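One structure is given below, encoded as C-alpha cells.
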Amino acid sequence: GYAKLLDIKATGVTWKTEDPINHFLTLESAKQPESIQGLRRKATLFLADESSGIEETLFPVIEGNMSGTDHCVAIFIGNPTRNDGYFARSHLDKRTDGIFYRMKVGPGDSRRTECGGAGSASGITRCP
C-alpha cells in the first residue's frame, strides 16, 4: 500500500518519488533559527501551532524560506495571548491586510461546544 511509498524517520517523512528532495515532511520544535534554515523547496507548507509563543528570531528565517520557494503557504495557529510580536501583527496590524488571510474561530464555531450553559461535566465547553 501507500506505506511502501514512504521512508519514515523520527523527525520526518520522505516520499519515494522521482523528486524526493521536494517531497518530504519535517517536524521541528525549533528554538534556534538554525534549526529551520534552508527548508526551501518548490512548494512549502509551514504549519506552526501556538504561534504567539514562537520566538521572534524564528520569523525572519521562516520568511527567508518562504521567499526561496515557488509556492508557499504558512499557517500560524494560536490564541491571541500577546498583543505584540509577529503573530499579533499578522492579525492586528491593518498594514498586513493584503499579506495575511485571517480566520478567527471561537468556541461557538466548534462542534465540540454547546452554547447557553454554565459548564459541563461531559468535557464539552459551553459558550454564551
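The values are calculated or read from the model by the stated rules, or taken from the named source; none is laboratory data. No experiment lies behind these values; they were computed from the predicted model shown. For neighbour counting, all protein chains shown are included, and Cβ atoms are generated from backbone atoms with ideal geometry for every residue, glycine included. When the accessible area is computed, the model is the full protein with side chains, heavy atoms only, and any ligands, DNA or RNA have been set aside. Shrake-Rupley method; radii C 1.70, N 1.55, O 1.52, S 1.80 Å.
Remarks
- For K16, the lysines whose Cα falls under 18 Å of its own Cα, not counting residues fewer than eight places away in the same chain, are K4, K42.
- Ordered by solvent-accessible area of protein heavy atoms (1.4 Å probe), largest first, the residues L45, L25, L6 come out as L45, L25, L6.
- Spin-label zone in segment 42-85 - amide nitrogen under 20 Å from a point set 7 Å from the Cα of Y2 along the C-beta vector: 44-47
- Sorting K4, K9 by solvent-accessible area of protein heavy atoms yields K4, K9, largest first, with a 1.4 Å probe.
- A full extension of the chain between R95 and M66 corresponds to an added length of 8.5 nm, given 0.36 nm per residue minus the alpha carbon distance.
- Fluctuation leader among P33, P107, P80 - the chain, Gaussian network, Cα springs under 10 angstrom: P107
- The accessible area of H23, taken with all protein chains in place and a 1.4 Å probe, comes to roughly 80 Å².
- Cut-off 15 Å between beta-carbons: net charge of the residues surrounding A88, Lys and Arg +1, Asp and Glu -1: 0
- Residue-level accessible surface for M66, protein heavy atoms, 1.4 Å, Å²: 60 Å²
- For K94, the lysines whose Cα falls under 24 Å of its own Cα, not counting residues fewer than eight places away in the same chain, are K104.
- Gyration tensor verdict on the chain (Cα atoms; rounded if a/c is under 1.5, prolate if a/b is larger than b/c, oblate otherwise): oblate
- Positive-end residue, segment 1-60 charge dipole about Cα centroid, Cβ charges, pick of G1, P20, P60: G1
- Accessible surface of E56 - all protein chains present, 1.4 Å probe, nearest 10 Å²: 70 Å²
- Sequence of I8, I62 from largest to smallest accessible area, 1.4 Å probe: I8, I62
- Most mobile listed residue (G78, G64, G12) in the chain, GNM with C-alpha springs under 10 Å: G12
- Just checking the listed ones, I99, I54, I77: in the Gaussian network model of the chain with Cα springs under 10 Å, the one fluctuating most is I99.
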